[in-house]
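Student: Supplied in structure tokens, the structure appears directly below.
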């Protein structure tokens, strides 16, 4: 075998080795993203509930969500933070939960103030929307348990 082909073969084997390692780490990275975002949003939700009057004040005078009364907007956002976020952390309906939280972050970003961390969060939610819950999620467990047809449940 020529020397050049041997080098290419070795490089290909090294590439495959590292690709396999990174592919194996993907579910862990996905879980870390879900838990990181859940930690932030659940804390925010509990802080809003702890001082409900301040939350109502913020939604009335600061956030000003268009087309929603301030008290309805406050309830919706707190519900998203305290109900949808744990669902996301567990990896149950991951893509749907991530879509809802993506929209919530967009609304806050463009009605209240643009912050660079919001774009970071949007990127992380985009990853979850794109890849779903992965192997370390309830989505994956349920799909395996109930033997869903790949064609109809590929979105999980």
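The values are calculated or read from the model by the stated rules, or taken from the named source; none is laboratory data. Because the structure is a prediction, the values reported are computed rather than measured. Here the Cβ positions follow ideal geometry from the backbone for every residue, glycine too, while neighbour counts run over all protein chains shown.
Student: Would you call residue 33 in contact with a helix residue (DSSP H, G or I) (Cβ under 7 Å, 6 or more places away or on another chain), outside any helix (DSSP H, G or I), touching a residue at least 24 places away in the same chain (Cβ under 8 Å) and within 21 Å of residue 98 (Cβ to Cβ)?
Tutor: In short, no.
Student: Shifting gears a bit: On the basis of being modelled with pLDDT of 95 or more and exposed (fewer than 14 other Cβ atoms within 10 Å of the Cβ), does residue 17 make the cut?
Tutor: no
Student: Checking the conditions here, which among 74, 54 is out of contact with any strand residue (DSSP E or B) (no Cβ under 6 Å at 6 or more places or on another chain), in contact (Cβ under 8 Å) with a residue 12 or more places away in the chain and in a helix (DSSP H, G or I)?
Tutor: 74
Student: Identify all residues within region 125-134 that are more than 20 Å from residue 81 (Cβ to Cβ) and surrounded by 15 or more Cβ atoms within 10 Å (Cβ to Cβ); write none if there are none.
Tutor: 131, 132, 134
Student: In the list 88, 101, 122, which residue meets the criterion of being over 20 Å from residue 26 (Cβ atoms) and buried (at least 18 other Cβ atoms within 10 Å of the Cβ)? Even if it seems obvious, please write down each step before you answer.
Tutor: Working: 88 fails: over 20 Å from residue 26 (Cβ atoms); 122 fails: buried (at least 18 other Cβ atoms within 10 Å of the Cβ).
After ruling out the rest, the residue left standing is 101.
Student: I'm trying to understand the selection: among the residues of region 93-119, which are part of a loop (DSSP other than H, G, I, E, B) and within 26 Å of residue 135 (Cα to Cα)?
Tutor: 93
Student: Next question. Are any of the residues in region 63-70 surrounded by fewer than 10 Cβ atoms within 10 Å (Cβ to Cβ) and outside any helix (DSSP H, G or I)?
Tutor: Let us first name the residues in region 63-70 that are surrounded by fewer than 10 Cβ atoms within 10 Å (Cβ to Cβ), namely 66-67.
From the residues that got through so far, the ones that are outside any helix (DSSP H, G or I) too are 66-67.
Scanning region 63-70 turns up at least one residue that is surrounded by fewer than 10 Cβ atoms within 10 Å (Cβ to Cβ) and outside any helix (DSSP H, G or I).
Student: Contact list please: Cβ distance under 7 Å, first residue in region 93-108 and touching a residue at least 40 places away in the same chain (Cβ under 8 Å), second residue outside any helix (DSSP H, G or I), pairs at least six apart or on different chains.
Tutor: Here the result reads 94/132; 94/133; 94/137; 95/132; 95/155; 107/65, each pair linking region 93-108 to a residue that is outside any helix (DSSP H, G or I).
Student: Can you name every residue in region 20-38 that is over 17 Å from residue 137 (Cβ atoms) and at pLDDT 85 or above?
Tutor: Keep residues of region 20-38 that are over 17 Å from residue 137 (Cβ atoms), which gives 20-22.
Selection gives 20, 21.
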